[in-house]
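S.K.: Next up is a structure, given as structure tokens.
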């Protein structure tokens, strides 16, 4: 369960860093409570580095532990992927429906 939680949180943080880039293009002059040095290029560097690290942690989180003996590694990966996407599906669906209404 903790591995599934980590995977879902990695998806959440990926969306947060994608939003950082999107908002820098959509609202460049908006006053922000914090500043990333380097302007748009700095935001891309920070968000890109974070996204690469999150994708790597997502990959590592899906790999089966080395002492796993009661289930095949391929089945473990399938269970992790299915569990991760099923847990992330409904909140993302809710956000999409909410955005379409506004």
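S.K.: Every residue in the stretch 29-62 that is more than 30 Å from residue 4 (Cβ to Cβ) and in contact (Cβ under 8 Å) with a residue 40 or more places away in the chain, please.
M.R.: Of everything in the stretch 29-62, nothing turns out to be more than 30 Å from residue 4 (Cβ to Cβ) and in contact (Cβ under 8 Å) with a residue 40 or more places away in the chain.
S.K.: So residue 86 fits all but one of (1) modelled with pLDDT of 90 or more; (2) exposed (fewer than 12 other Cβ atoms within 10 Å of the Cβ); (3) closer than 16 Å to residue 1 by Cα; what number is the exception?
M.R.: Exception for residue 86: condition (1).
S.K.: Can you report the number of residues in the stretch 23-44 which are surrounded by 13 or more Cβ atoms within 10 Å (Cβ to Cβ) and part of a loop (DSSP other than H, G, I, E, B)?
M.R.: Going through the stretch 23-44 one residue at a time, the tally reaches 1.
S.K.: Taking the stated definitions as given, is residue 47 exposed (fewer than 12 other Cβ atoms within 10 Å of the Cβ) and closer than 29 Å to residue 25 by Cβ? It would help to see each step written out before you state the result.
M.R.: On the way: exposed (fewer than 12 other Cβ atoms within 10 Å of the Cβ): no; closer than 29 Å to residue 25 by Cβ: yes.
Considered against the rule, which asks whether it is exposed (fewer than 12 other Cβ atoms within 10 Å of the Cβ) and closer than 29 Å to residue 25 by Cβ, residue 47 comes out as no.
S.K.: Scanning for something surrounded by 10 or more Cβ atoms within 10 Å (Cβ to Cβ), within 21 Å of residue 2 (Cβ to Cβ) and touching a residue at least 40 places away in the same chain (Cβ under 8 Å), does the stretch 67-80 turn up at least one residue?
M.R.: yes
S.K.: Separate question: Does at least one position in the stretch 19-28 carry a residue that is under 14 Å from residue 54 (Cβ atoms), touching a helix residue (DSSP H, G or I) at 6+ places or on another chain (Cβ under 9 Å) and touching a residue at least 40 places away in the same chain (Cβ under 8 Å)?
M.R.: no
The values are calculated or read from the model by the stated rules, or taken from the named source; none is laboratory data. From a predicted model like this one, the values you see are computed outputs, not experimental measurements. Note that each Cβ is placed from the backbone with ideal geometry, even for glycine, and that neighbours are counted across all protein chains shown.
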